[in-house]
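The numbers here are math on the coordinates, done by the rules we state, and not lab data. Everything numeric in this text was worked out from a predicted model, so none of it was measured. We place every Cβ from the backbone using ideal geometry, glycine too, and count neighbours over all the protein chains shown.
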Amino acid sequence: MRSFLRWWEMNQINIKTKAPLYWPFFVFEKKFRKNVGISFNRTLIGCMNNIFGTRLQCIRSNRIVFEDLSFHIESGDVLHLTGPNGSGKSSLLRILAGFLRPSAGKLSWDGASEPIHEKIQYIGHQNAVKGALSVLENLSFWLQINGDRGDQKALACALQTFGLEKLANLPAQFLSAGQARRLTLARLLVVPAPLWILDEPATSLDTASEGALQSAINGHSEAGGMVVMATHTPVEADAKVLNMSTFGKTRATG
Amino acid sequence: MLSQAIKPHAMQVKGSAKMHRFANPTRFLRLVSAIKPWATGVCLLTFAAGLYFALFASPPDYQQRETVRIMYVHVPAAWMAMFCYAALAAASASALIWRHLVADMVARATAPIGAAFTLLALATGSLWGKPMWGTWWVWDARLTSVLILFFLYLGYIVLNGAFDDASRGARAASILAVVGAINIPIIKFSVDWWNTLHQPASVVKLDGPAIHMSMLTPLLLMAIAYTSFYIWILAIRVRAEINTSKIRALQIRRVTASDVPWNDS
Amino acid sequence: MAPFLALLKRDLKLAARHGLDSFMVVAFFVLVVTLFPLAVGPEQAILGRIGSGMIWVAALLSSMLSMDRLFQQDYEDGSLDLLVLSPMALELLVLAKTLAHWISTGLPLIIASPLLGVLMNVSSAGYGTVILSLALGTPILSLVGSIGAALSLGARRGGVLISLLILPLLIPVLVFGVSAVETGLADLPSRSEFLILGAMLLVALALVPYAVAAALRQALE
């Protein structure tokens, strides 16, 4: 029974990501949620073992951003992307999230050639915060849109971790830049996913919040999650680093 | 319009199936160079023959007199207006489905040619309408739908050039072309419906009795001339586009070689 | 289904809190119709003859006016990235957004249309058909308009661009919308026009989300 459900689950993911026949899907989704339930759904998709990138190349507006870039991450890894502006950190992150396709090379997420949306949490440059909604409304919207209905505990916990619990009912337009960033980061804890893709997550954070972010990242990696993040700040000596500036060079001179 | 999506490294990459498409512009360029002189020759010959038959060797119509000769310019233009949109939609669809660079370029090169044919059809139709109907323009079903087709071309061209990143414009415009192609039969149907509701009695129907051989010959010759003209211009435009992109690639490579901050470190 | 409703609810909430959008669309709608008598003269007979057509043209223009807001804000603040990444089929989310847009802009147009019928001297027998034709037609305007909104994301001059791209595609809706009202006014059976409008709505409902989702995905590349 369990293996059947696993097969079902995989199929369902395929239906969602690959062939969005959305009318039949409407019906399926409802039935599935009723019978199997959310929690089961979450534990099953809650792991990801490895990501391989082989000889990736990225071209943006006729310019080779990077090429011949290979890397691999395993469960528990935190990969820092460093390099100057324009060296392709954001592009690589967007490729990893599946927004962009590499113009050459291969990527595999646990052996699959397409990323599974449930397994990815993406934090981009922008905060995706709606000013007209309150902090809590913003956060619970992203919870609902990812298929979970009202896990209030996770919400409260995330707000507390990033020091937002007092601001919960404040319309987000009154947040400072740092507070808005924290609200964005709180999404990581509300909607669990094994792979975190963070594009300069510490932008406009104060030291205390940076600490909270760091401990969230550590906790995630200890629980077997993966983190790929672009960063400007110097990283610790033993951290896993991918220096993007080494991949723009070959073609430029050759 | 001539800015393009072709990748600068098109010529260097080899190997896996994924790269196969990058090699294509070169191969296509060879095909284009082979076809172009033939298209040019056929176009010039049939144009000369077609115009001779149309202007001198065919009889005037018993009703329309000499004005019927406008038909030989007008009707093939209207045909080409539709043919070019079909080509545009087909190329756009294959560009979307297979992410085919050449299809993209063909679509982009086709659009202005198609728009020009459409404009020609409208203008000659209007010139023909003045002696026939006594007015430059009537809201006839056919004229109206050709006018709408012209707007569809304009939308495609404008959307194509509306982005800073040319490849985004190309993709967005391809989606528009496909949507437009699905919509064209509905538009045609609705315009016909509208016209039968509002039809003024005085409009002369164009499709009279079966066309005589002496008129069919120049008409077909002109049709061949127009089609080969399209292929000729298409070849020129696509080649220009490929060359422009090569030049741009070279420029970019030169810039990247000197300006990149990490190059010196 | 839950994400669909969540997105619908959020967009309606945003529309309600911004408030002015719906108001602006209705104001523009009334204003455009007001311009016609000023241009063609106040003669009651003429206005009654062309009234239904004017109402439809004004509805077409004003629904285009609000179109560029549909995805623009989500695109700029990064929400669109997350919507695309959500496990729900993007096609369905597109439908939710379009539905919210129609409720906040299309529905007010329908409600305001009888008032314009009075102003334009459309005979009172025609109010029902005007409302019904707009009720079937405005969702098509929103759906097809959303293609334009998605295609013009990130383009220079998005707003004007949408109208240029989409208005030609909406000509069938205009033709059948107006002819439904006119045949109704002439006491002829207008059932077939309404059926065709309904058919167009169903076709748009079935196909448009795919085009919009494709356009959104390419906009994020």
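Here are the numbers for the structure shown:
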| item | result |
| --- | --- |
| Per-residue HN-Hα couplings for segment B:25-34 [Karplus 6.51, -1.76, 1.60; θ = phi - 60°; Hz; x = Gly/Pro] | x, 5, 4, 5, 4, 5, 4, 4, 5, 6 |
| Gain upon complete extension [B:Ser126, B:Ile182; 0.36 nm per residue less C-alpha separation] | 17.4 nm |
| Cubic angstrom per residue, convex hull over Cα atoms of segment A:39-179 | 145 |
| Inter-label distance for C:Val118 and A:Ala208, nm, one decimal - labels placed 7 Å from Cα along Cα-to-Cβ | 6.0 |
| Principal axis dimensions, largest first and in whole angstrom, of segment B:72-207 by Cα | 50, 28, 25 |
| Equivalent ellipsoid semi-axes - Cα gyration tensor, segment A:110-226, angstrom | 22, 17, 13 |
| Order of C:Lys9, A:Lys119, A:Lys89 - criterion: other Cβ atoms within 10 Å of each residue's Cβ, fewest first | C:Lys9, A:Lys119, A:Lys89 |
| Residues with amide H under 5 Å from that of A:Val241, placed H, sequence gap 5 or more | A:His80 |
| R0 of 60 Å, Cβ-Cβ distance C:Leu188-A:Glu236: FRET efficiency to nearest 0.05 | 0.15 |
| Cα centroid separation - segment A:195-217 against segment A:73-127, whole Å | 17 |
| Ellipsoid equivalent to chain C - semi-axes via the Cα gyration tensor, in Å | 32, 18, 15 |
| Average beta-carbon neighbours from other chains, 10 Å sphere, peptide B:168-178 | 5 |
| Euclidean distance of C-alpha centroids, segment C:132-210 and segment A:149-181, integer Å | 42 |
| GNM top mover of C:Thr129, C:Thr98, C:Thr34 - chain C, alpha-carbon springs below 10 Å | C:Thr34 |
| Residue-by-residue Karplus 3J(HN,Hα) for segment C:203-216, coefficients 6.51, -1.76, 1.60, Hz, glycine and proline x | 4, 4, 4, 7, 9, 4, x, 5, 4, 5, 4, 4, 5, 5 |
| Exposure proxy ranking, count of Cβ atoms within 10 Å, fewest first, for C:Val94, C:Val40 | C:Val40, C:Val94 |
| Aspartates and glutamates with Cα under 16 Å of A:Lys106, excluding same-chain neighbours fewer than 8 positions away | A:Glu67, A:Asp68, A:Glu114 |
| Neighbouring partner chain Cβ atoms per residue of C:201-209, average, 10 Å criterion | 1 |
| Net length gained if the chain between A:Lys153 and A:Asp77 were fully extended (0.36 nm per residue, minus Cα distance) | 24.7 nm |
| Neighbour-count ranking [beta-carbon atoms within 10 angstrom, fewest first] of B:Thr67, C:Thr138 | B:Thr67, C:Thr138 |
| Residue-wise HN-Hα coupling along segment C:69-76, computed from phi with Karplus coefficients 6.51, -1.76, 1.60 (Hz; x: Gly, Pro) | 7, 4, 10, 4, 5, 4, 5, 6 |
| Packing-based ranking, highest mean first, of B:158-166, C:211-219 given that Cβ atoms within 10 Å are counted | C:211-219, B:158-166 |
| Segment C:105-122-segment C:2-45 distance, computed between alpha-carbon centres (Å) | 11 |
| Length-normalised contact order of segment A:48-254 in % [C-alpha pairs under 8 Å, at least 6 apart] | 31 |
